[in-house]
Every structure is written in C-alpha cells, then in structure tokens.
Amino acid sequence: MPTSTTTRFSYREAVRDAMSQAMRRDADVFIMGQDIAEHGGSQKVTLGMLEEFGPGRVRNSPISEMALTGAGIGAAMLGMRPIVEIMYEDFLTLAMEQLVNHAAKERYMSGGQLKVPLTVRTQGGAGWSSGAQHGQQTEGWFVGVPGLKVVYPSTPRDARGLLWSSIYDDNCVVFFEHVQLYNQREELPEEIEPIPLGKARIVRIGTDVTVVAIGPLVHEALAAAEQAEQEGISVEVIDPRTLQPLDEEAILESVRKTSRCVVAHEAVRRMGIGAEMAAVIQEKAFDWLDAPIERVGARFTPLPFAPGLEQASVPRREQVYAAIKRTVGSR
Amino acid sequence: MTELDYIVPSQTAEPGRFLQQMLVIRKFEQQVEERYRDGEIPGFVHLAIGQEAVAVGACAALSPRDVITSTHRSHAHALAKGSSARAVMAELYGKLEGCSRGRGGSMHLYDVERGNLGSSAVVGGALGIATGAALAFSMRSEPRVALAFFGDGATASGLFHESMNMAQLWRLPAVFLCENNRWAESTPLAQHSPISDLTQRAQAFGMTSLEVDGQDVEAVYRATAEALAHARSGAGPVFLLAETYRLAPHNVGDQQEYRDKAEYELTRATEDPIEKLRERLALPDERFAELEREAELVVADAVEFARRGTDPDPATLLEDVYAD
Amino acid sequence: MAGEVKLPRLGQGMESGVVVKWLKSEGAQVEQGEPLYELDTDKVTQEVESPLSGVLLKIVLPEGEAAVGTTIAYVGEEGEQVPDAAAESKSAAASPEPEPQREPEVVSEPFMPAPAASLDGGEPDTSKKASPLARRLARERGLDLEGMTGSGPEGRIVAGDIKRAAVALDSSAAPPVSAGAAPGAVERVPLTNVRRTIARRLSEAWQAPAFQLTTSADMSEVLAMRARLRERVESGERPPSIADFLTKACAQALIRYPDVNALWLANAIEIHHAVDIGIATATDRGLIVPVLRACEQKSLSELALARRDLVSRTLEGTISLEELEGGTFSISNLGTYDVEQFVAVLNPPQVAIIAAGAVVEHPVARAGEVEIAPLLTLTLTCDHRAVDGSVAAEFLSAVKGFLEEPGLML
C-alpha cells in the first residue's frame, strides 16, 4: 500500500486543518468568533481561512460571547455545524449560561427532538504572564454538566482528529486548546484521521506507576517519566484526551497493572478533573492500589502575573516527578 | 377531538377563527389553573391570560416553516404555533405523551416539527437561539424567519442587547416580538426600565421597529405580517412591540401584593382581548356561548388525555442526555 | 351536586397546607372570590378565596393539615346533600399521596459465598497500615499482616512486602494454611434481599412513636368450641386453630374500631373498612407477611381454609407479590414456639399489630376462688401518631371479649 505523503503540522495548523477540511467538505460548517477574520484570531489559528471561505463562513463577531454562543446553538438546532471560537477560556464565563442552560439541555428538555452539534473552541494556559484573566484552565467547570462533551488534546495529531470528530458529533463539545502547545510539531498525513471521542491514548508504556495527564501536563509527565526511568521506575503515561465522556476503562486497566497512580493537570488541583479521576479509580480499582493516588495541579490561587509567582503556581515536570516518587515510596 | 384541537396557523386574517383560538387558549389556561390548584399538575405554572391576542395574531401570520422561541409563559405560544392541546396538557402533567415527553414541563414546551424551538425559562435566554436560527436561514438562503417572543423584563438582559446588535449587524431574518405586559414578575416597567417607550431599545441598533395594540388580535396579525415581510425580504430584523396586559398573577399562587387591586380589576374589565373581539364582531350571546362550549370540550378532552397519560419510566432517565 | 372546595396548591413546591380558620360558617352564603378561610402554607398564612358561589354546606376540615387536592368543604344550594364526608376525605387525601412503596419481597438471591474466615480469626487486621492491594493479596494468600514490616512510606505494608513474605513462607516449607473455619471463628453471612428488606422496614417502624397494651383472654370457650368442631368436621379435615379464632376476633373488632385498621401516610391517615390482615410468617428466608383479604366477610371455617392455604404457600415460596401487599393490620403469633408474651414491631404503614403467645394454663381468681384457666396473652402495638390510647384499649378489649365469648363473633 502506498504511504500517503506526510507534512509537518504544528498544533495550530492541525486545528486549522481540521476546520478547513470540514468546511471544504460541508457547507453547514462555519466558524464565528472575535477577531478571527483578517486578524486570524488571537492565536492566529484561523489565519488565512477568510481568504479561502469568505466573510460569510469565517464570521467576525461583536464582543458578545453570550449571543455568539446562543447563535451557535440556534444554528446548530437548525442542522448546521457551527464552530464558535471563544478567544480565551476565561471568557467562557460569559457564555456559560448559554452552554449550561441551553446547549447542554435542549436535547433533554425537548425529549430528544433537538440536537445541538456545536463546537466551542477556546484556548488558554499559563507560562507567559498573561495575568489572572487570560490564562486559567477552566475545563473542570464543564465536565460536570450533563449534556456537554469536553475535549482537550495534547498533540497535533490528536487536535486534528478530535476536532474533526467534535465538529461531526451531534452534541455540544467544548474543545480546549493550550497556548503553550500551538507550536508543537508532528508529521501527519494529509488525510484527516478522525479520533473517536471518549478514547484515551497510552502515550508511554510502563509498569510501576500510571500518570494520567492532560494538555501540557502530558509533555511534563513524559519528561518526568524519563527522569524516573533513570532510577529504575517504569512510568506509564495516559492522556484521556476526552474528559467527558471519560475513558475510565483505559485508566483502570493501566492502574490495575501498575497499582499506583498520579493524576495531573494545569488547572487548580482542588475540585479539578483529577479529583473525579481519583474517585473513579478508588471506586473501581481499590483492591489494586498499592499507594494513595497522587494529584498534581495548580495551587489554589488566581493565576498571578509576576513570572516567579506564576511558575510557583502551576505544576510542571518537577511536581509530576515528585508525585511519582511519593507513590513508589522507599521501594 | 374537534378540529380545534390543533390551532392551524391560517396566514389569513380570519377574526372568527382568531376568536375560537383565543378561547381555546383562555379555557386551557383556566383549566390549568384549576388542575394545578387541585394538585394534579406539578411544578409551577405561568398563565398567559390577557395575552392571547399576541400569541394568536403573531402565529397566524407565520408560515409553517417559520420558527419561534418562547418564554416561561409558554402555553399560548405553543398552542398558537399548532401544538395539540392534548400534547401540551400532557406535558404539563409530566407524561410521556407530552410535547416534550415529560422532560420539559410547563416552561419547556417544544414542538420542532411545528417550528416551536422551545421555551427558555431563563428570561431572554432564547434570544441568541432565535438569532442563530435566523443566521442559519440567512446562510442557507432559505425564505424563513425566526420569531422570538419575550417580555419587557427581558429587554434589560445582556443577551437581548447582544442578540439585537448581532441580528441587525448581520441583517438576519428575525422578528423580536416584545410582549410588554408591564410586569417583570412583580417589578413594574418603571422600576426596571429608564425608558417607557421600549421601541427606543431598537433605535440604539438602527433596527426597524413597529408598535401594536396587543389586545387587538387583528392588529397584531397585520403588524406581524408586516414585520415578517420586512425580515424575509433580507432588509434585516424587526423589533415588534406589542403593548399588552397580564390579566393574571405572575404564576398561579402569586398573591400580587405589589399590584393595585383597583387597577387590576379595571384592566381585567376593560382590556380583555377576547371581549374586545367579541364586541367588534357583534357576536350574539348564544353564538359566543357555543364557541365557549366548544373550547371547553377541547380542553376537557386534553385534561382527560393527560390524566390517562403514561408516566415516563425511570429506566429511561438517561435517554437523550446525549445524542448518539 | 354540591361543589367541592379542595385545598389548593398556591405555589411552587407546596404539597400540603394547614387550615387555620374558616371565615364563613356552615350555612352561610359565599360568593366566588370572597375570602373563605385562612390557610397556612410553609411560606405564609393567607386568606383563600372561595372558588364557587353558593351556600357553605359542610366544612370537612375545620382546621388542621391536609394534602393539596383534599376536599375541605362543600358549597352548593341550600338543602343539598353532600357526599359521605369520611369516604370522600379518605379518597381525596389518598390521591395526591402515592401509596407507600411496598417492597418487592421474595426474590431469589444470587448465591454469594461467605468469605472464609481469615487466619487471624475474623475481621481483617486494620490496625496495621497497609495498601488496599497488600490487604487483598494477604487475604488471598491467607497471610497475617501482624508482625510484617512495611517498606512503603511511613511503614505502610505494600504489595511487595506480601509477595516477599509469601516467598519466605513457601521456602520455609511451612505447613499449608487451612482455609476452613477454625474453632471460635466468626462467620460473615452476606445479607439477602429479604433480610435487607426486613432490616429496613423494621428500622423504619422503630422510628414511629409506638405504645403497647397487654391483656389476657380466657380461652376456655374457644377451646370448648374447637373441641365440638373437631367432632363435626370430616375425617382428614382440621378444625379451626387458635390462630383462626384470633384472626376472626381481630377482624370483627377492626370493623368496630376502624381507626386501628388504618395506614399512616405522610400527609394523612388512611382508614380502611375492609379488613386485610397480614399474617407474620417465619420462613427459612426470613419473616414474610402475606395478606389475608376481606377477613370481615369470611366465616370462621372460610378463614381457616384461606389462612392455611396462604401460610403453606408462603412457606413453599410460591406466594405471589400481590399477596404480600396491601395489608391493613397484622397478627404475629408465636404460640407454637411456647412464647407466652412478646411485643411485635409495627409493620408500616399499618398503624397496629397484635402479638399473641401460647395458650397457657394459669391460676385465676374468680369470685374468691382460685381456678385454673387457659389464658392467651395479647400485646397490641400501635403507632401513636394515628391511634389514641383509649381507642387501642377499646379495640383490645373487644378482641378479648370475642375470644371469651366466641359465639358473639360467629
């Protein structure tokens, strides 16, 4: 079989490619958001799309997150597959009423008459002194809403394949991108490889500790795993990729093998998605645990501005490595 | 069942039919109040008594392919847009045969087949959805219009302003139909709006506005038809202000301590849209009584249907949280 | 027909209200919309307007709490008859309140083996710090955590420690560990569904403010009648038992004192005029209470036949679910176990249960002479929320009377 040609895609280009390929294939797919047309969006994800698809399908919107999301819901209810870009995930708060009360519930409240195939893309993340309103991680606020799906890819391949599946999912998907990942690069075929929602990926195989990590923490966990390997600790890294629905089986299977688990995300540790994962693991794999489940996450503060403070707030490889060591103890 | 069981939007001004339709809604609401007070209907209910002419006149002007969004005070809109009295009543009883299969309730009536995209119980919450439906029509070049019902209270919400702004900016085929019944629950217009003429809201966006006597069903019909023609032509949305009256408490059980009793009684005596039309048509008493009886029969049948309805099986609880 | 004034739902979440006082008296003319009575809801006290115009014919609920939808008064034309108020209020009170859920009772329980007693003679050792995995491995291999040294953080015993200990044990060729129960071992038996239901229902019953009354009935006449009946029945047939006489006596007394033949619902007391008696039956699956229907309509011999059939099918486990539902009163009889007297726990939502011991000869003082009489000791347990002491005493005394003069109840 001839191998298809591959191209080096950045995470940013991978996101753009999923949208562009869907828009080429399907007139019902379009994108709207603030500054996404000529400007290409705050992170330049949509750069060049205006030229290809025109202002009708690459729609610059007023600064109206609530109406933008509401209009996305309405168009989706009529059978279109809108993509709404919310410039920073901090601004999801402005759209939250529409997401929580409408996007998530319309199907249920209508007794199954309606579908809301809307994708809400957003981005954020620390590491560049964005301050408290342009860098926090909010995925944990949405995973507890019945009716919403939540996706958070960590690589270009996952970003492209999962965004494609999100656009074609008949439910509202909140799709999180991380600002520090946009320049990650990976060889990808030109053809889209759709990745089903709700399937985790085993990023690294190991036998002693399972690290379940999302977003940038996947890469931090890989670095921590390399360091642990030097000391003879074999670390398995799993990226759930979709947080709602969560691939519980993949996580449990790994934990039953390693008997130790670390969960890691950049959002605050308290009440984070990691807490839910830890709860699931102790419920369903209690008798396989050989150590308390360790949680890695940001300190319980608004994201600070000063670079030193910001670094002290969010977790990186050192914290993941320390957690791995704690689970292994004095073995 | 009689033919009245479904109100079929006529797209013609037929005052005789308007009267029948308003009577069905009035009797429906009165029966809902009784059944609620008797403990048969759970939750809480908001009645549209006094506002029947807005629902009937506006929906009569819509084409069957046009869509509406509604509010917590939703029964009249659902009935006027063509949902059967049986399906709406069964929904109020929480039955599987209800128009939302018992998942929605009084404040969440849906009938997508008949163009009712549902009612939002967050005040003004559906305005974005109506804007988005209009966006879909515009992008697909379909000659359809999305009409959003909302009250005067909603005009103070952020989403109202965002949606009006966006719809006018993008020249979307939408009609924003504001039912000014003068009360945002217990708060009078003067306490929640710095302007008494709500069409000034539309001026801020350069949006065309129309104003109509919401107690005159024929006038509502004509004004809505004009607004729809404007929106359908691609000239952009219309803000249609219907001045109406809430001739009932906010919800059943509300004691209206905030409302002057004399004003309330006077308004009920002078602003009843059904009485106004009856007078204009110079209908003989016997004929009117006959129409009332017919409407009562439709509603009694709906109540019986709802009572005999099926309670949703708890085993189906998780169905439709997600689309497959 | 007279129109009903029903207790209205006046708002969100309202399920009941308390009538505080009536603003009109019976016989007064009322107009629709005119204030009729004051109602206290969990939020406010307010005047409620009359839904009808006419004469206030009857106030069913002069004051007190009722469920939404309950008929509290009738308005109609002067001199008009109102429906039987008791029957009416019963049905109205019952309608908005669903019947308390009866348990699905006898269901086959998937067999769950009781875990073998652990080596150290019972409960797992929780004093030692050990990981869940280490505990499981120790349990599976029959290892005692006591004396083991943990290599984990803070001395926690982890899986590796168990594995090492197991290897050490094997290599030292220690005698295999017996899996059987050692003398003095504690056995843990998982709860069956029936046992769970019993536990839950009886714990619920324990919440009710219950009181007990005890009396003794002289069974001389019953025994004499039974002896006569024994001669008359066909060979192979059995005469009615003491339990049948007791059932009959209770049925007759319940007809006279329907307040005892009642169910306690959250918002109402449901008084029954048909007597459906639950017969507490000890089976090898636990206590099961099948219901003997329409006892008030059955003759003594019909009762005897029906009761025997019911009890034997309960013991066999072929009884249907419907036959376990809907009792209005219960009898618990431990006479065959030689128990003289005991207190039974209520069978909710029923408001009363009678406990009967064995018929035992006792010296009885009669007119200055000591006689020996066969006595049956009866203890009535009542839910005090529904049944007053005096009513209970009268009911118990009626049961005693019927047993002492059985001719009166036949």
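With just the Cα atoms defining each centre, how far is the stretch A:176-238 from the stretch B:254-324? Give it in Å.
Cα centres, the stretch A:176-238 to the stretch B:254-324: 60 Å.
Sequence gap at least 6, Cα distance under 8 Å: using those rules, report the relative contact order of the stretch A:135-220 to the nearest whole percent. All intermediate terms of the calculation are to be shown ahead of the outcome.
Working: 86 pairs, mean separation 29.4, N = 86.
It comes to 34 percent, rounded to a whole number.
Rounded to the nearest 5, what % of DSSP beta bridges with both residues in the stretch A:201-328 are antiparallel?
Working: 3 of 15 bridges.
DSSP beta bridges in the stretch A:201-328 are roughly 20 percent antiparallel.
Could you identify which residue out of B:Lys276, B:Lys261, B:Lys27 has the top mean-square fluctuation in a GNM of chain B using Cα springs shorter than 10 Å?
B:Lys261
Which percent, to the nearest 5, of DSSP beta bridges fully inside the stretch A:6-189 are antiparallel?
Percent antiparallel among DSSP bridges in the stretch A:6-189 is about 20.
Which shape class, rounded, prolate or oblate, goes with the protein assembly as shown when its Cα gyration tensor gives a ≥ b ≥ c as root eigenvalues, a/c under 1.5 marks rounded, and past that a/b bigger than b/c marks prolate?
It is oblate, given that a/c is not under 1.5 and a/b is not larger than b/c.
Once amide H atoms are placed 1.01 Å from N in the peptide plane, what residues at a sequence separation of 5 or more from A:Glu177, or on another chain, have their amide H within under 5 Å of its amide H?
Those lying under 5 Å, H to H, from A:Glu177 are A:Thr122, A:Gln123, A:Gly124.
For every other residue with a beta carbon closer than 11 angstrom to the beta carbon of A:Leu252, add +1 if it is Lys or Arg and -1 if Asp or Glu, then tell me the sum.
-2
Report, by chain and number, residues whose modeled amide H sits under 5 Å from the one on C:Glu49, excluding near sequence neighbours (fewer than 5 apart, same chain).
Result for C:Glu49 returns C:Leu36.
Per residue of the stretch A:186-197, what does 6.51 cos²θ - 1.76 cosθ + 1.60 with θ = phi - 60° give for ³J(HN,Hα)? Whole Hz please, x for Gly and Pro, Karplus curve as stated.
Calculated HN-Hα couplings, in order: 7, 6, 10, x, 5, 5, 5, 10, x, 10, x, 5 Hz.
Give me the distance in nm between label points sitting 7 Å out from Cα along the Cα-to-Cβ direction at C:Ser320 and A:Glu253, one decimal.
4.9
Suppose each label sits 7 Å from its Cα in the direction of the beta carbon; what would the C:Arg238-A:Ala27 distance come out to in nanometres?
8.6
How would chain A be classified by its alpha-carbon gyration tensor: rounded, prolate or oblate, with rounded meaning a/c under 1.5 and the a/b versus b/c comparison settling the rest?
prolate
What list of ³J(HN,Hα) couplings, whole Hz, do you get for the stretch B:138-147 from phi and the Karplus terms 6.51, -1.76, 1.60, once you set θ to phi - 60° and write x for glycine and proline?
Whole-Hz 3J(HN,Hα) from phi for the stretch B:138-147: 5, 5, 8, 6, 8, x, 10, 10, 9, 10.
Filter the chymotrypsin sites (Phe, Trp or Tyr not before Pro) in the stretch C:197-277 to those in DSSP coil with at most 11 other Cβ atoms within 10 Å of their Cβ, and list the result.
Details: sites: C:Trp206, C:Phe211, C:Phe245, C:Trp264; in loops: none.
Those that pass, being in a loop and sparsely packed, number zero.
Could you tell me whether the stretch C:231-349 comes out rounded, prolate or oblate from its Cα gyration tensor? Rule is a ≥ b ≥ c as square roots of the eigenvalues, rounded for a/c under 1.5, then prolate if a/b exceeds b/c, otherwise oblate.
It is prolate, given that a/c is not under 1.5 and a/b is the larger ratio.
Need the list of lysines near C:Lys163 for cross-linking: C-alpha distance under 26 angstrom, and skip anything on the same chain fewer than eight residues off.
Straight-line reach from C:Lys163, under 26 Å: A:Lys257, A:Lys284, A:Lys325, C:Lys128, C:Lys129.
If you take the charge dipole of the protein assembly as shown about its Cα centre, with +1 on Lys and Arg Cβ and -1 on Asp and Glu Cβ, which of B:Ser233, A:Phe176, A:Ile83 is farthest toward its positive end?
About the Cα centre, the residue reaching furthest to the positive side is A:Phe176.
Please figure out what share of the DSSP beta bridges in chain A is antiparallel and state it in percent, rounded to the nearest 5.
Here the share of antiparallel DSSP bridges comes out near 25 percent.
Mind listing which chymotrypsin sites (Phe, Trp or Tyr not before Pro) in the stretch A:218-311 are in a DSSP loop and have 16 or fewer other Cβ atoms within 10 Å? Display every interim value, and only then the final one.
On the way: sites: A:Phe286, A:Trp288, A:Phe300, A:Phe305; in loops: A:Phe300, A:Phe305.
Qualifying residues, ordered by number: A:Phe300, A:Phe305.
List the residues whose amide H sits under 5 Å from the amide H of B:Val123, counting only those 5 or more places along or on another chain, with H placed 1.01 Å from N in the peptide plane.
Excluding prolines and chain starts, which carry no amide H, there are no hits.
Taking the number of other C-beta atoms within 10 Å as the exposure measure, put A:Leu252, A:Leu188 in order starting with the fewest.
A:Leu252, A:Leu188
With r defined as the distance between the Cβ atoms of C:Ala373 and B:Gln255 and R0 fixed at 51 Å, what FRET efficiency is calculated, to the nearest 0.05?
The formula returns an efficiency of 0.15 here.
Which FRET efficiency value, to the nearest 0.05, is calculated for A:Lys199 and A:Lys44 with the Förster distance at 35 angstrom and r the Cβ-Cβ distance?
0.75
What is the spin-label model distance, in nm, from B:Leu318 to C:Gln207 if the labels are put 7 Å beyond Cα along the C-beta direction?
2.9
Tell me, what HN-Hα J-couplings in whole Hz come from the Karplus equation 6.51 cos²θ - 1.76 cosθ + 1.60 at θ = phi - 60° for each residue of the stretch A:133-150, using x for Gly and Pro?
10, 9, x, 6, 9, 10, 4, x, 6, 9, 5, x, 10, x, x, 9, 10, 10
Compute the normalised compactness of the stretch A:201-328: alpha-carbon radius of gyration over 2.2 N^0.38 Å, N being the residue count.
0.99
With chain A treated as a Gaussian network of Cα nodes joined by springs under 10 Å, which of A:Thr46, A:Thr69, A:Thr258 yields the largest mean-square fluctuation?
Highest fluctuation of the listed residues: A:Thr258.
Taking a virtual spin label 7 Å from the Cα of A:Gln133 along the C-beta vector, which residues in the stretch A:44-79 bring their backbone nitrogen under 13 Å of it?
None, by backbone N distance to the label point.
Determine the calculated [θ] at 222 nm for the protein assembly as shown from helices alone, applying -39500 (n - 2.57) to every DSSP H run no shorter than 4 residues and normalising by the residue count; nearest 500 deg cm²/dmol.
Mean residue ellipticity at 222 nm (helix-derived): -10500 deg cm²/dmol.
Suppose R0 equals 35 Å. What FRET efficiency, 1/(1 + (r/R0)^6) with r the Cβ-Cβ distance, do B:Ala282 and C:Gln32 give to the nearest 0.05?
My answer for the efficiency is 0.75.
Could you please rank B:Met139, B:Met22, placing first whichever residue has the fewest other Cβ atoms within 10 Å of its Cβ? Let's see the in-between values first.
Values: B:Met139 20, B:Met22 27.
Fewest to most other Cβ atoms nearby, the residues stand as B:Met139, B:Met22.
Within a 10 angstrom radius of the beta carbon, how do A:Asp35, C:Asp284 rank from fewest other beta carbons to most?
So the residues, fewest neighbours to most, are C:Asp284, A:Asp35.
How much net charge surrounds C:Leu403 when only the other residues with a Cβ under 14 Å from the Cβ of C:Leu403 are counted, with Lys and Arg +1 and Asp and Glu -1?
-2
Quick one: length gained pulling C:Arg228 to C:Val343 fully straight, 0.36 nm per residue minus the C-alpha distance?
Residue separation times 0.36 nm, minus the Cα-Cα distance, leaves 38.2 nm.
Throughout, read-outs are computed from the coordinates displayed, never taken from laboratory work. As the structure is a computational prediction, the values presented were derived from the model and not from experiment. Using ideal geometry, Cβ is built from the backbone for each residue, glycine included, and neighbour counts are taken over all protein chains shown.
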